[in-house]
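The values are calculated or read from the model by the stated rules, or taken from the named source; none is laboratory data. This is a predicted model, so every value here is computed, not measured. All Cβ positions, even for glycine, are placed from backbone atoms using ideal geometry, and neighbour counts span all protein chains on display. Accessible surface areas use protein heavy atoms only, side chains included; no ligands, DNA or RNA. Shrake-Rupley method; radii C 1.70, N 1.55, O 1.52, S 1.80 Å.
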Amino acid sequence: MSVPLLKIGVVLSTMAMITNWMSQTLPSLVGLNTTKLTAAQGGYPDRSTGVFPANPEESWQVYSSAQDSEGRCVCTVVAPQQTMCSRDARTKQLRQLLEKVQNMTQSIQVLDQRTQRDLQYVVKMEDQLRGLETKFRQVEENHKQNIAKQYKAIKAKMAEIRPLIPVLEEYKADAKLVLQFKEEVQNLTSVLSELQQELGAYDYDDLHSRVTNLEERLRACMQKLACGKLTGISDPITIKTSGSRFGSWMTDPLAPEGDTRVWYMDGYHNNRFVREYRSMADFMTSDNFTSHRLPHPWSGTGQVVYNGSIYFNKFQSNVIIKYDFKTSSISRTQRLDNAGFSNSYHYAWGGHSDIDLMVDEGGLWAVYATNQNAGNVVISKLNPTTLQVIRSWTTNHPKRSAGEAFMICGTLYVTNGYSGGTKVYYAFHTNSSTYEYIDIAFQNKYSHISMLDYNPRDRALYAWNNGHQVLYNVTLFHVIRSEEL
């Protein structure tokens, strides 16, 4: 067992190195940890490194305390006089570049937080490996006694640690990718430092292009790390008890930072009033809400709020409507050709659930069934602006046999029922057009699920369970192949 344990050690040391680099190297990207500031005459700090001009009216001044108690970079920026900004366009361009690099720093901090969370799982796997090693030793020492019992225990242990292989592959790829980012950021840091000393010596367009390219690659990396294969669902967290037996509730995964509004829709047909709660805290503790009246009643519980608009299936039709909350108007309607409606191909629980709209890391989806596919599930990727179908996949799973379904990272997961004992047992992967049968425990606490949707920002499942609004956390395995880097 020495080789797997050695790999675990490499993974842990690699992630420790990445964390250390993120906390120490990134502040230097904008010159925050290389400038020693002391009080000078006239109340202005003395810039002993010579990075900034001596006259505070001639430049942007950055004063930093490096990190706060939570490990975040904290800095104070003093702007030059407005006349200087308008007179020197190059200084303005430099400021914009520095702001972009600071935004990149925040992005890498988010990446670090996600990686640290997954690292805990690797540590747990290490303990399981050690336990397996102990079992093997017991077999070697007592191979003539209780061999059958020991073999059964070892087989169970092997089943527990089998998922470790893709985890190790993922962290190996992650380490390589972050090292590439480190080299590029270091090069960019050097150019910015020289540019601070001698404005005008470099091509601003080229520098801006390099910052933008690195920013886009970081964003793509974070999106890949956010995706993975579902391996576990937590116990339910009951947020509130309200409404009827059927309904839906959600938050907007593309809402601006700080926007935690909750959207609430009671019932599955012949209703058109959507409640808006200012925050999750308001939703949990009060009945203070704003009511929005939709131009048409909805059908089923498959509505989603996405980027400020609600998408819903118009009652007694296969028409999808996009309604903008900001303008209080319909911005787009589109018929979903051949999709069954009015309880033609509903989920097992009924409730006009023919068309289920979903959102994941990849965008907007519709799940439904058609006569052409013999009532089996069809998955369609939709353009969120035009509602046009980008691509569709046909599956072999009967829509009426599905309890509920949700999308994560382009994979449709289906439950085997909606009442009593429930589990996630079927998965269709749109990236490979393949399916598999799985067995993921799912606690159906209140015995009747009429809505189950994934929110990629929260990495959680939102459920409506017999008049209870419930959350489930999910566990995903991240797998990044080297050719994708």
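Some values worked out for this structure:
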quantity: Accessible heavy-atom area order of 397, 269, highest first, probe of 1.4 Å; calculated: 269, 397
quantity: Length released on extending from residue 259 to residue 390, taking residue separation times 0.36 nm less the Cα-Cα span; calculated: 44.2 nm
quantity: Burial order of peptide ranges 245-254, 467-476, 289-298 (average beta-carbon count within 10 Å, highest first); calculated: 245-254, 467-476, 289-298
quantity: Gain upon complete extension [residue 292, residue 136; 0.36 nm per residue less C-alpha separation]; calculated: 49.8 nm
quantity: Segment residue 401-residue 316, extension gain: residue separation times 0.36 nm, minus the distance between their alpha carbons; calculated: 28.5 nm
quantity: Solvent accessible area, Å² - residue 446, 1.4 Å probe, full protein context; calculated: 50 Å²
quantity: Ellipsoid semi-axes in whole angstrom, largest first, where each is sqrt(5λ) of the Cα gyration tensor of region 301-398; calculated: 22, 14, 11
quantity: Over 26 Å between alpha carbons, listed pairs 322/399; 399/445; 240/381; 229/445; 229/423; calculated: 240/381
quantity: Charge tally in the Cβ shell below 12 Å around residue 448, where Lys, Arg are +1 and Asp, Glu are -1, residue 448 excluded; calculated: +1
quantity: In nm, spacing of pseudo-spin labels at residue 272 and residue 231 (7 Å Cα→C-beta vector); calculated: 4.8 nm
quantity: FRET efficiency estimate (nearest 0.05) - Cβ-Cβ, residue 433 to residue 127, R0 51 angstrom; calculated: 0.85
